[in-house]
Amino acid sequence: MALKRLGILNLAAVLVLGGAIVGLTSKAALAQEGSAAVMGERGNIVSGKSDFRQHCAQCHGMDATGDGPVAPALKKKPANLTMLAKNNGGVFPTDEVRNFIDGTKTAEGHGTREMPIWGYAFMHRPGSSGVPESEQAVQNKINRLVEYVKSIQVQ
């Protein structure tokens, strides 16, 4: 009887440990899929794809074609981010994309800006420690987003 009970405890320990390993590695696998993952300032794994999913997919959609769940509520349909290079003579508009993300470029002809000015939001949004991100961390995040959007361009 004691041997059977010890076997159940060992099984429970293995299951808990296995679950922890799967949980810890799944975020790393998600972050690495589609763009280079790096260790963030606060010890978390970050990538352009994971940043995109967290900050952009609500409007632009998981596939970046402009059909996110919030898109129908907006006055103007979000851009299809996979067509930027194609619509720009085959050249990805790196500076323009960066400027839209950080807020230095706006589309004045479209009225008020519905897209958040992420440079400002990233800088002033507290991280998990309650401290706003550094200027360098904000620039790194914007650079990851620009590189991710560049990596998903259709040919």
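The values are calculated or read from the model by the stated rules, or taken from the named source; none is laboratory data. Computed from a prediction, not measured in an experiment: that's the story for all the values here. Cβ placement follows ideal geometry from the backbone for every residue including glycine, while neighbour counts extend to all protein chains displayed.
Restricting region 54-64 to residues that are buried (at least 16 other Cβ atoms within 10 Å of the Cβ) and touching a helix residue (DSSP H, G or I) at 6+ places or on another chain (Cβ under 8 Å) leaves a set whose member that is farthest from residue 80 (Cα to Cα) is 55.
Scanning region 47-96 for residues that are among the β-branched types (Val, Ile, Thr) and at pLDDT below 95 yields one hit, 70. Restricting attention to region 51-87, the residues being under 24 Å from residue 141 (Cα atoms), free of Cβ contacts under 8 Å to residues at least 40 places away in the same chain and not in a loop (DSSP other than H, G, I, E, B) number 6.
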